[in-house]
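Read the figures in this text as sums done on the coordinates, not as results from a lab. Bear in mind that the values here come from a model prediction, so they are computed numbers and not experimental data. A quick note on method: Cβ atoms are made from the backbone with ideal geometry, for glycine too, and the neighbour counts reach across all protein chains shown.
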Amino acid sequence: MLLLVSGCQFVLPSHDYYSFGVARIGEEIHIVAPLCDGERIVGVEAYDNDALGRESSPDPASTRFTYWKVEQPVDASVAEGRIVLGDDSAYQVTTVPAGSNIGLPELVGVTLHVDSGGDHVVEDVFAVAEVPAYPATANPEDVEYVYQAGSNEERLMTPGKIRQQSKCAADYPA
């Protein structure tokens, strides 16, 4: 089950929120972030959502609970929303290398910075134990990712179906 957050607060199930698809292929966690034409990922941060949520007044500049933080994708597919969690080589700037601060948390919060004519931030959360797993030889475009379709329907969907179900990232509240 994907858990939904806005900042560090859980969102009610009826709230319209941004969601991405998640699957484990081999040892890698793949994310399909649905974007529209003209939108591109410019930065990604993965963090321990549970630990951050327990902070009484979290410092947004702190990377204390950050698993991975990167900017400026070097590959078009990454900029288009196909992200491999922890793949530092896919970005020009790595602020926090994967696992250098903390190990992969059980409840991963992910913040995506999307250029849609200006910086727009969207977030989602997933539980690593609930992500579908496939062999390392599986094609990321053919597997099904867990995706929160609509207000409370969690389904397994291919990247193409996820993109069809989602609005543009900029259409969701920041």
With a bin width of 5 angstrom, please list the P(r) values of the chain as percents of all Cα-Cα pairs, from the 0 bin to the one holding the largest distance.
1, 9, 18, 23, 24, 16, 7, 1, 0
With labels modelled as points extended 7 Å from the Cα through the Cβ direction, what inter-label distance (nm, one decimal) is found for N101 paired with A138?
2.9 nm
Per residue, the convex hull volume that the Cα atoms of the range 126-174 enclose (Å³)
103 Å³
Counted charge near V74, where neighbours are those whose Cβ lies closer than 11 Å (Asp, Glu -1; Lys, Arg +1):
-4
